[in-house]
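Shown next, in C-alpha cells, is the structure this report addresses.
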Amino acid sequence: MSTEEVSRKYTTEWIVLVTVSARLVGRQQDLQRFGIPSSEPPCHIYLVSTRPRMSIEPDTVRITDEELSGVLRLQHGGTFKEYPFRASHSLGEGPMSWCSEWPYEEFSIEDKDGQVVSAGVVAHLQSIASEWPREASDHDIEYVGQAFGRSKERTAWDRLKHHETVQKILAETTPDKQVWLTLAAITDLKLGIDINPGPSRASDKEDNAHNSLVINTFHQGEFKDRHAVALAEAGLIRMFQPNYNERLKNKFPSSSLVSLESVRPLDLHGVLVELQGWDVGMRYGTKAKAHDQLHFGGFVIHTDDNRSAPVFLEPRNDLKIFREY
C-alpha cells in the first residue's frame, strides 16, 4: 500500500475552479468622475496595478476622416520611450483638432465647429488602436483584494473608495508611473473532482456525507457571492505575490485567514484560479508571473499536511493541471 493511498482523507476530493475576468479598468479619479456601471455578475474582486505614464504630444497627432495617428510616449524615470500608433475612428468628416494640455495624458477632439466629439485618457486609445505597443498593455499588479470588508461593502468599487492600501500605493508610486484599478467578476465557477478508489481515512458514510455537504453548499447562492470570492482572492494573491499583499503571499493556505473560515468546514482539497484579461485587452503580471492575458494557478487549500496532493481536473475539457509549487 503506497504512502499516497493511506494519506488520502476522502475517496473523493473536491476542487473548486474559479474564473475571474477583468471587466473595467481605470484610474481612481476617472472612476470617481464618471461612476461605475452596474454589471452582472457583480465585480467582487479588484486589482491595483501600476504602469508607465502615457502621453501624446499634440504636434505628433494627425487626424483624417477615418484614422487617428501619432506618437505614444511611455515614461521611464526622466526619459520616454516613443511608439507610433494608429487607430480608426467614426467621428465623421474633418477637419478635426486634437486638444491636450501638459502633461498630455488626457485629450479631447473637436470638430470644425469647435464641438467636442470625443475625449478621454490617452491609455484608453488602446481599445480602438490597430497599432499599439505591447508594453503599454502591461499592468504590474501591486495588490489584490475582495469587496467584502469589515463594513460589509458589496462591490469592489464600494471597498476601493476609501481603501487605505490603495491610498498608500498612490502615495508611494514614483512620478513616472500611474496607478490603475481593475474591477473583476467571477464569470465561471465549477466543481472538479479527484477520485481515488484506494483506501482513505474516512469511512464510506463519512465520505458520502462530505460529498453531500460540498455539493449542497456549492449550489447555494452564498457560495458564489462570498465563498468563491474568498478563494479567488487567496489564489490570485498566492499566484502573483503582489508587493502590498502580506497574507497568503508566500504561504497558502493560512489557518489564520478570516476570509476562508467560512469554507473550512467543507474541507475542500484544492482551488484552481483562472484570471482573464481578454475583455479589457490587458496583460497582468508581477515578478512572480510574466505578463499575459491569461493565467492559471492551482493550489492545495486544506491544512492537513498528511494528505496527498490532488490532480486538478478541469471537467470542461479534461485538462489536467497539477499543483503549483
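On inspection, E164 qualifies as among the acidic types (D, E) and at pLDDT below 90.
Kindly establish whether L72 is touching a Phe, Trp or Tyr at 6+ places or on another chain (Cβ under 7 Å) and aliphatic (A, V, I, L, M).
So L72 passes the test.
Of the residues making up the stretch 209-244, those that are buried (at least 22 other Cβ atoms within 10 Å of the Cβ) and closer than 14 Å to A288 by Cα are G235, L236, I237, R238, M239, F240, P242.
Quick grid of which residues meet (1) among the aromatic types (F, W, Y); (2) assigned to a strand (DSSP E or B); (3) open to solvent by 20 Å² or more (accessible area, probe 1.4 Å); (4) more than 20 Å from W180 (Cα to Cα):
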position: L17; (1), (2), (3), (4): no, yes, no, yes
position: R33; (1), (2), (3), (4): no, no, yes, no
position: E40; (1), (2), (3), (4): no, no, yes, yes
position: L68; (1), (2), (3), (4): no, yes, no, yes
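If the condition is being at pLDDT 90 or above and under 21 Å from K224 (Cα atoms), then the stretch 17-55 contributes L17, V18, T19, V20, S21, A22, R23, L24, I45, Y46, L47. Do we find a residue being among the charged types (D, E, K, R), open to solvent by less than 30 Å² (accessible area, probe 1.4 Å), modelled with pLDDT under 85 and out of contact with any helix residue (DSSP H, G or I) (no Cβ under 7 Å at 6 or more places or on another chain) anywhere in the stretch 294-316? Yes, that holds for at least one residue.
Given the residues K152, K205, K177, which is the only one that is over 19 Å from the mean Cα position of the chain (by Cα), at pLDDT 90 or above and open to solvent by 20 Å² or more (accessible area, probe 1.4 Å)? Sole residue among the options that is over 19 Å from the mean Cα position of the chain (by Cα), at pLDDT 90 or above and open to solvent by 20 Å² or more (accessible area, probe 1.4 Å): K177. Taking the listed residues G70, G120, G92, the one that is over 30 Å from S38 (Cβ atoms) and modelled with pLDDT under 95 is G92, with no other qualifying.
For the stretch 161-174, filtering for residues that are within 26 Å of P42 (Cα to Cα), hydrophobic (A, V, I, L, M, F, W, C) and open to solvent by 20 Å² or more (accessible area, probe 1.4 Å) leaves 1. Here is the figure for the stretch 270-288: residues that are open to solvent by 30 Å² or more (accessible area, probe 1.4 Å) and modelled with pLDDT of 95 or more total 2. For the stretch 76-133, residues that are open to solvent by 90 Å² or more (accessible area, probe 1.4 Å) and part of a helix (DSSP H, G or I) total 1.
The values are calculated or read from the model by the stated rules, or taken from the named source; none is laboratory data. Model, not experiment: these values are computed from the prediction. Backbone-built Cβ (ideal geometry, glycine too); neighbour counts: all protein chains shown. Note: areas computed on protein heavy atoms with side chains; ligands, DNA, RNA excluded. Shrake-Rupley method; radii C 1.70, N 1.55, O 1.52, S 1.80 Å.
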